[in-house]
There are 4 protein chains.
Amino acid sequence: MARYDFASDNVAGAAPEVMAALARHNAGFEPSYGADSAAARAGDLIRALLDVDADVWFTASGTAANALTLAALVAPHEAVIAHEYAHIATDETGAPGFFGAGVGIIGLPGASGRIEAAALANALNKPEEPHWQSPAALSITQATEFGAVYAEQDLAALIAPAKAAGLKVHVDGARMANAAAAGFDPRAVGRLGADIIVLGGTKAGGSPTEAIVLIDPGARRRFGARLKHSGQLISKARFLAAPWIGLLEDGAWTRHAAHANTMARRLAAAMPFPLRHPVEANGVFVEMDEAQLGRLHAAGWFVYRFIDGSVRFMCSWATTTEAVDEIAETLKAAR
Amino acid sequence: MARYDFASDNVAGAAPEVMAALARHNAGFEPSYGADSAAARAGDLIRALLDVDADVWFTASGTAANALTLAALVAPHEAVIAHEYAHIATDETGAPGFFGAGVGIIGLPGASGRIEAAALANALNKPEEPHWQSPAALSITQATEFGAVYAEQDLAALIAPAKAAGLKVHVDGARMANAAAAGFDPRAVGRLGADIIVLGGTKAGGSPTEAIVLIDPGARRRFGARLKHSGQLISKARFLAAPWIGLLEDGAWTRHAAHANTMARRLAAAMPFPLRHPVEANGVFVEMDEAQLGRLHAAGWFVYRFIDGSVRFMCSWATTTEAVDEIAETLKAAR
Amino acid sequence: MARYDFASDNVAGAAPEVMAALARHNAGFEPSYGADSAAARAGDLIRALLDVDADVWFTASGTAANALTLAALVAPHEAVIAHEYAHIATDETGAPGFFGAGVGIIGLPGASGRIEAAALANALNKPEEPHWQSPAALSITQATEFGAVYAEQDLAALIAPAKAAGLKVHVDGARMANAAAAGFDPRAVGRLGADIIVLGGTKAGGSPTEAIVLIDPGARRRFGARLKHSGQLISKARFLAAPWIGLLEDGAWTRHAAHANTMARRLAAAMPFPLRHPVEANGVFVEMDEAQLGRLHAAGWFVYRFIDGSVRFMCSWATTTEAVDEIAETLKAAR
Amino acid sequence: MARYDFASDNVAGAAPEVMAALARHNAGFEPSYGADSAAARAGDLIRALLDVDADVWFTASGTAANALTLAALVAPHEAVIAHEYAHIATDETGAPGFFGAGVGIIGLPGASGRIEAAALANALNKPEEPHWQSPAALSITQATEFGAVYAEQDLAALIAPAKAAGLKVHVDGARMANAAAAGFDPRAVGRLGADIIVLGGTKAGGSPTEAIVLIDPGARRRFGARLKHSGQLISKARFLAAPWIGLLEDGAWTRHAAHANTMARRLAAAMPFPLRHPVEANGVFVEMDEAQLGRLHAAGWFVYRFIDGSVRFMCSWATTTEAVDEIAETLKAAR
């Protein structure tokens, strides 16, 4: 039977703290659609984690969380600036265009998923014309799609000019826990002026849940109706809030991410193939040819060739040292 | 503290069979986005329940399940025929228009949420013109928004002329379990020619999950991409499939609905206010004035005044006889 | 051969002043997409006519002009309040929902197409909920679909509470010329606080052109891109601007509308069928049964049975007294 | 005063044959929304020109004609294959995404705007996944954005594999007249299996009008409603049909395009800057640096730096030999 341990960080189940919270908050009757007590508590924990004044909502899909918050920041005839390999640009089947009624994405280059400041400056300086979609928001992914982590000053160097040009700032924090475990202060994004943060719960050990953190006052307006209108307001909403209580009440969110990062470093240390990107979070990206990847697949381990041509190994809260050591052995044989 | 027992059928948690299935399927690594083993098993159980050849997908929101399947059946410049008080027409914040890029809804009258055959005939006979949206699908809700249950021959009398006119048929089965528990054969909808069935899990005792049952071959095409594009493809998808295993493997889906229906009949029997609709499923709709409703609210019981002006009491798998008897006493005092 | 003289006010060609302006502005090379000299001149004439500080753009379709300006004022999960028989609600094939990504319309009653102030107050007082689309704009049609003309104080009684509730105000002025010819001051709408006015050129004797008058500063932002994005930025744009010069430079816009209104009154005076609505602009709406309408059609005159069941006779700049007298004779025979 | 003669082929007015046809068809009353006699006649002329069995409709905007026909061929979660520099990909402000509810575009390389057959084969072979938008249509531009003209066998080499893979074929023929004048048989596109052709009238000497030629039977369904829904059904539609009668009845469409092509060759022959693309239609693309372009602008001639970095000079029916010779002199001085 194929093993998916390293195929993604969403192939793991939910962490024990999450399952316990689900069971705990399953009892009794609760108002639906987000007015439940778990939602209130989870919102408080998230505001504290990020140190922001914000409305907090939950969705079951990170793609939806990204796409609908971008639609809240940008008009259909405008565009979002993002890394050319950002999840919203390459891996969401055009969802931002759907939620945003044809909103555009301006993809910028940059090593390991970090946007180059010079490329951003160019994009901001392009004159406005009716013939193309001018940017109205900057979307930043932390940690990046390639397992890199922006330093706070690197983020500041992107956010400051974007805000100065009148853009809103969106943070795709699907793997913010891994960034936090790597030393990044999650309060930095709010401090630097982010308008909306999508905070990842699913990959951090949650059952399906992502938090939408609305800092921008304009974006908060009638957001419940926006969610419902776009099919994202869940009736038994406590199932999306409770996992956050399990993740944040005793630090599991960061603790599990730290474990995932450690596993990635362990795999990187044993890796017989050249690393394509620095291993700063929970992913290891290496250079393998088709024959080598074929041998790994034949040995029963499923992993993906990624957008940039590298092969991706993702670790999660559930990754074991045994699995790391076992795949490392297989990789050596596959070389 | 306010009591929400009768506010809706989504104020209950998940049933024990569901929580057990979630725990059981949480173990180990599984492919994401619907390729997990729970999805395969749940799909088989649903195909057997409905006796259809179909692709089965899952969403966390019934609104999304309805809206995106309607968008799969109807072009943006066309319309869906539905009861004027159908959930898609009155309670989904325009979601069908969002998913369908401005798709229209033609609302028809009919007692207790059942569409009148004569009104349907009128709508089907209206000549086509570029100036309005002509119908391309019929959407039927079973059980209806007002707790009524279509008999099979009543459905046949709607579906047959719709199919003859070239329309597709969509079934909103958010409360199909309650209809089944009331004696309706869930295999009837496929037999009569339904093209897509949305089968309710959440209100039947599930954690958030609705099954999308695609019978129409054309609608199956690239449906995974359609889900992802519209923010409805969940990464840890086993959390949407496992509840169905808990609900269907040992008959909990019907058993819990039968309990809910029984509770509704018990409440109806004790009800001191005039019933507005026949009590055939799990809802009781009564005539109360504002003062009477105010006294009920003041006594701590929260229920809604509904679209048709009646006051709605919903029962679920979790409703207790004690609660029914208790609210009945309060209602007598509130009269 | 069928005669269409009274079928609509768009069955006429363009008035001589318009054809002359088209010919005059056809000469030479001009920048495209609205930067032409005709656009500048036409914009000035329209700003003067309405006495507003505004950006002015042109579209070839009144449906598009309405739908895209509503989309500029209202978010997809919000709604527009309009008369239940407004063109946007009944005769635009769902275009507002398309341009507005599922934006809703709240239809209000009122005699002869004028919105009732009490109904508006009710709509404004409805509490906000995630489950329905709350209003963000009021759309008013002047003259109304039924040939009535709002008095300025009647408009004030609608616009003032809407603005006080935070709504934007949209004016569908497809037949503003007829209202102006009936004594309504076209400067009143801006004075009362309209945010966007769609000013009708086509029905006023133009070739296809409607003016979009953007008063609201927020709505002006990147409007050229909004037009292009929604397929409404015409390359040889001088063809949409020049007609306005023909219509406004010497008063043809009002003069032709006054003629159309006079023709309507002449027809009303000779009409053997009961009038359904007051004849204040260029339309005559009467009560005829199917047999009577059939006899009129059989006599070669094509007119429509309208949304409210009445039969509509529209006059335009091109309607002749001979045609009025001729159809009046036929109507007497058809009775 | 700046001269725009070469800025685009839409800076010219309408040709005399078009103005005469507009005047001729302006007389009398005609049914609106496309049921006029000019529409019937223009449709016949276009069907004959292209030798196809097709429904023919008209829009005032080429962007709209492209975007809405792509939306008729492709579902929102699918994509259109086009040249990476096709007008739909680079110059329509995201309109295909708006009309297509987030439809994707897959841009392929190829010299001078012609798609490379090998790149198409790659795109067709990419496996389908829910995570990206798989292609459902191929869009071809004839003549290309860079003034090149596909030979019939080159088109066959693209269309045949696309059709074999189940894709629909869309032709952006905004400059089909120039291709025809260059020797391309306009009947070839239908013969090769095109499903929808957008035939350019505006750039061929028309007032604003593009013909939508629907060959695919499925795409014809309720197309009038599709147009109205998307704000593209013009009321006084004779103004969009009549120009085609002027253009096609006596061959003006090809004759004017031949003149434009001749002017382009004359300019190319006198051009002191290196040509970037072959001059096969009515455009001349050259390599100029910023200083050189600045000197040309300073001399009063406005032209654009184009998407590929070249500077574009477009000729039209109205371009004079005097203007060509004059700008050629200026260009020599600007070198």
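Each copy carries a label point for residue B:298 at 7 Å from Cα along the beta-carbon vector; from one copy to the others these points are 6.9, 8.1, 8.6 nm apart, nearest first.
Under a 5 Å amide H cut-off, with hydrogens placed 1.01 Å from N, residue C:169 pairs with C:138, C:195, C:196 among residues at least 5 apart or on other chains. Each residue of segment D:16-23 was assigned a 3J(HN,Hα) from its phi angle through the Karplus expression (A = 6.51, B = -1.76, C = 1.60, θ = phi - 60°), giving x, 4, 6, 4, 5, 5, 4, 5 Hz with x at Gly and Pro.
In nanometers and ordered shortest first, the copy-to-copy spacing of the residue D:51 label point, defined 7 Å from Cα toward Cβ, is 5.6, 6.4, 7.5. The same position residue C:325 in the other copies lies at 6.2, 8.9, 10.9 nm from this copy, comparing label points 7 Å beyond Cα toward the beta-carbon, shortest first. Computed about its Cα centre, the charge dipole of segment D:54-152 is approximately 20 debye, with only Lys, Arg, Asp and Glu carrying charge at their Cβ. Over the residues of chain A, the helix contribution to mean residue ellipticity at 222 nm works out to -12000 deg cm²/dmol, using -39500 (n - 2.57) for each DSSP H run of at least 4. Between C:62, C:147, C:94, the Gaussian network model of chain C with springs among Cα atoms under 10 angstrom shows the greatest mean-square fluctuation at C:94.
DSSP beta bridges in chain A, what fraction antiparallel, as a percent rounded to 5? Please list the in-between numbers first.
Values: 17 of 35 bridges.
For chain A, the DSSP antiparallel bridge percentage is about 50.
For segment A:275-335, what class follows from the C-alpha gyration tensor (a ≥ b ≥ c being the square roots of its eigenvalues): rounded when a/c is under 1.5, otherwise prolate if a/b is larger than b/c, else oblate? Since a/c reaches 1.5 but b/c is at least a/b, the shape of segment A:275-335 is classed as oblate. Between amide H atoms placed 1.01 Å from N, distances below 5 Å from residue A:58 occur with A:212, all of them 5 or more places distant or on a separate chain. Charge dipole (Cα centre; +1 on Lys/Arg Cβ, -1 on Asp/Glu Cβ; no other charges) of segment D:240-300 amounts to roughly 140 debye. Each Lys and Arg Cβ is given +1 and each Asp and Glu Cβ -1; about its Cα centre, the protein assembly as shown then shows a dipole of about 0 debye. Each of D:111, D:123, D:100 was placed along the dipole of segment D:1-139 (beta-carbon charges, centred on the mean Cα), and the one lying farthest toward the positive end is D:111. Anisotropy class assigned to segment B:78-152 is oblate, per the alpha carbon gyration tensor with a/c at or over the 1.5 cut-off and a/b no larger than b/c. Computed from phi, the 3J(HN,Hα) profile of segment A:144-151 under the Karplus parametrisation 6.51, -1.76, 1.60 (θ = phi - 60°) reads 6, 4, 10, x, 9, 10, 5, 6 Hz, with x in place of Gly and Pro.
I need the shape label for the protein assembly as shown. Rule: rounded when a/c is under 1.5, else prolate if a/b > b/c, else oblate, with a, b, c from the alpha carbon gyration tensor. Note, shape of the protein assembly as shown comes out oblate. Between residue C:37 and residue D:295, the simple spin-label model (points 7 angstrom out along Cα→Cβ) gives 3.0 nm.
In chain B, taking the dipole from charged Cβ atoms about the Cα centre, the farthest positive-side position among B:264, B:212, B:137 is held by B:212. Averaged over peptide C:77-83, the number of partner chain Cβ atoms lying within 10 Å of each residue's Cβ comes to 4.
Quantify how strongly other chains surround peptide D:132-141 by giving the mean number of their Cβ atoms within 10 Å of each of its Cβ atoms.
Working: counts 9, 8, 3, 0, 2, 0, 0, 0, 0, 0.
Other-chain Cβ atoms within 10 Å of each residue's Cβ, averaged: 2.
Phi angles across segment B:63-68 convert, under the Karplus curve 6.51 cos²θ - 1.76 cosθ + 1.60 with θ = phi - 60°, into 3J(HN,Hα) values of 4, 4, 4, 5, 5, 6 Hz, Gly and Pro given as x. Per-residue mean of foreign Cβ neighbours for D:97-110 is 6 (Cβ atoms of other chains, 10 Å radius). Of the residues D:307, B:327, the one with the fewest other Cβ atoms within 10 Å heads the list, and the complete ranking is D:307, B:327.
The Cα atoms of segment C:160-215 define a convex hull whose projected area, averaged across directions, is 3.9 nm².
Of the residues B:141, B:254, B:320, the one that moves most in a GNM of chain B with alpha-carbon contacts below 10 Å is B:320. Which of C:126, C:168, C:228 moves the most in a Gaussian network model of chain C with Cα springs under 10 Å? Of the options given, C:126 has the highest mean-square fluctuation. Here's the picture: charge each Lys and Arg Cβ at +1 and each Asp and Glu Cβ at -1 in chain C, and of C:188, C:33, C:242 the one pushed furthest to the positive end of that dipole is C:33.
Applying 1/(1 + (r/R0)^6) with r as the Cβ-Cβ distance of residue C:2 and residue D:304 and R0 = 45 angstrom yields a FRET efficiency of 0.40. Between residue C:153 and residue D:287, the C-beta separation translates, for a Förster distance of 41 Å, into a calculated FRET efficiency of about 0.05. Label-to-label distance, residue B:262 versus residue D:48, with points set 7 angstrom from Cα along the beta-carbon direction: 8.0 nm.
Nearest chain C C-beta to the C/D rotation axis, reported as residue and distance in angstrom, is C:60, 2. In segment A:301-318, which residues have a backbone nitrogen under 17 Å from the label point lying 7 Å from residue A:329's Cα in the Cα-to-Cβ direction? Only A:301-302 pass the distance filter.
Here, each number is a calculation from the coordinates, and none is a lab measurement. Everything numeric here is computed off the predicted structure, so don't read it as measured data. Heads up, the Cβs are rebuilt from the backbone with ideal geometry, glycines too, and the neighbour counts pull from every protein chain shown.
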